[in-house]
Amino acid sequence: MSKLSIMAYTVGILFFLVSCSFSIFYGYKVVSYELPNEEKTLEKFDYHIVLVTEELDNEYWRLVEKGAKEAAGKYGVQLEYAGPKQANIDDHVKTIEMSAASKVDGILTQGLSDEQFTPLINRVVAKGIPVITVDTDTLNSKRMAYIGTDNYYSGFLAGKALIADTKGNTNVAIITGSFYANHMQQRVKGFQDAVKAQKRIHIIAVEESEISRVKAAEKANQILQDHPDVNAFFGTSALDGIEIAQVVEKYKKQDQIYIIGFDTLPETLSFIRKGTIKATVVQEPFQMGYGAVKMMIDLIEGKKVSPIVHTDTRILRIRDLPVNHPDRMGEHE
Ligand code: BGC
């Protein structure tokens, strides 16, 4: 055998041995690879609860979701957050119906209007799915419990704050989230009742924003055109006050017009710091979400829950804000 053929054989044998060891090594890896089995990958949850809100990406509802998720994590519950991207009552109703059809263990949702939500909630409950209303209630429905602000009282507080903060003839325009929603009606009513004995205070307009920023701004603009004598605004849902403030600043009227809003979203707090919004009604969306999940678990497990749980509400003004502190209100438990 020539030297060349010996070398060729050696290289061939070496190559053969190396490939054999690779095949054995990777062959072993393939055989011993553990396929993910369902038990290992899917977390096990005790219950599947859905939180259906009127507007998915609304910052206020994201805080409710945050509270609900925290409770869900703590108690081993699968929480789904669902609802229309932008407020739309038909989509809201459909989402509740779909959740009920998929046989979830419990539904948390708003009792928005008696007309549409009472029969809907009653149908869902009749199927054996418990419903808890959050943020706004349909008192006459068969919902198991309500957790959220005492909406009449919160409106009443807003009226009292306006009385305390203003002097002389005060012409108030109200921009409300919706004419048909229970909580919006109650907030307006509470406000009207609080100011009704005051001869110097006149409610000169009540308009609807459909909880849309654009509509709230349009309405504020319109009110300023139609009522040049307006010197106070009350915005009854989370985005109304913010948009009123933008419009009032645009017309450079922030020194002549008193604004009271609702909720403590970061933009509202920064308008309070600037002095454009003078006061806002605090709600506790995180607590609502957290408490609603906890209550639902108790209900499913046959424990007694109180039918009405009112979360805190109060007035906040610039003097109540911590100095040099990030605006992260409404996120605590
Ligand atoms: C209300 C919510 C509403 C939100 C709209 C809040 O004040 O409690 O029901 O969806 O405002 O921005």
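The values are calculated or read from the model by the stated rules, or taken from the named source; none is laboratory data. Worth saying up front: this structure is predicted, and the values here are computed from it rather than measured. When we count neighbours, we look across all protein chains shown, and the Cβ atoms used for this are built from the backbone with ideal geometry, even at glycine. Areas reflect the complete protein model, heavy atoms only, side chains present, ligands, DNA and RNA absent. Shrake-Rupley method; radii C 1.70, N 1.55, O 1.52, S 1.80 Å.
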task: Would you mind computing, in nm to one decimal, how far apart the modelled labels at Tyr153 and Asp229 are, each placed 7 Å from Cα along Cα→Cβ?
output: 3.6
- request: Treating the angle as unsigned and between 0 and 90°, give the value, to the nearest 10°, between the Cα long axis of helix 3-32 and the longest Cα principal axis of the chain.
  value: 40
- line: Rounded to one decimal in nm, the spacing of the 7 Å Cα→Cβ label points at Ala101 and Ile308 is 3.5
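Tally the DSSP beta bridges in the chain and give the antiparallel ones as a percent, rounded to 5.
Numbers: 4 of 40 bridges.
Once the DSSP bridges in the chain are tallied, antiparallel ones form about 10 percent.
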field: Pairwise label distance in nanometres, Ile6 with Lys189, each label 7 Å out on the Cα-Cβ vector
entry: 10.7
message: Before I look further, what does the chain give for accessible area per residue, probe 1.4 Å, in whole square angstrom?
response: 51
- request: Assuming R0 = 25 Å, can you tell me the calculated FRET efficiency for the pair Ile300 and Val323, based on Cβ-Cβ distance, to the nearest 0.05?
  value: 0.05
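Given the Cα-Cα distance of Lys44 and Ala205 and 0.36 nm per residue of separation, how much length would full extension add, in nm? Write down the numbers at each step before the final one.
On the way: separation 161, 0.36 × 161 = 57.96 nm, distance 5.33 nm.
Additional length available on full extension: 52.6 nm.
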Separation of alpha-carbon centers, segment 241-274 and segment 159-203, rounded to whole Å: 17
query: Percent of accessible area on the chain owned by carbon and sulfur, 1.4 Å probe?
result: 57
- prompt: What's the extension gain from Gln198 to Asp114 if we count 0.36 nm per residue and subtract their Cα-Cα distance?
  reply: 27.1 nm
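Count charges around Tyr81 for me, please; just the other residues with Cβ under 11 Å from its Cβ, Lys/Arg as +1, Asp/Glu as -1. Each step should come with its number before you reach the end.
Details: positive: Arg62, Lys66, Lys69; negative: Asp57, Glu65, Glu80.
Cβ neighbours under 11 Å give a net charge of 0.
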statement: Rounded to the nearest 10, the angle in degrees between the Cα long axis of helix 240-250 and the longest principal axis of the Cα atoms of the chain comes to 70
Anchor Lys85: lysines whose Cα lies under 24 Å away (excluding residues fewer than 8 positions away in-chain): Lys66, Lys69, Lys94, Lys103, Lys215, Lys219
- request: Would you tell me the accessible area of Val323, worked out with a 1.4 angstrom probe on the heavy atoms of the protein chains, in Å² to the nearest 10?
  value: 120
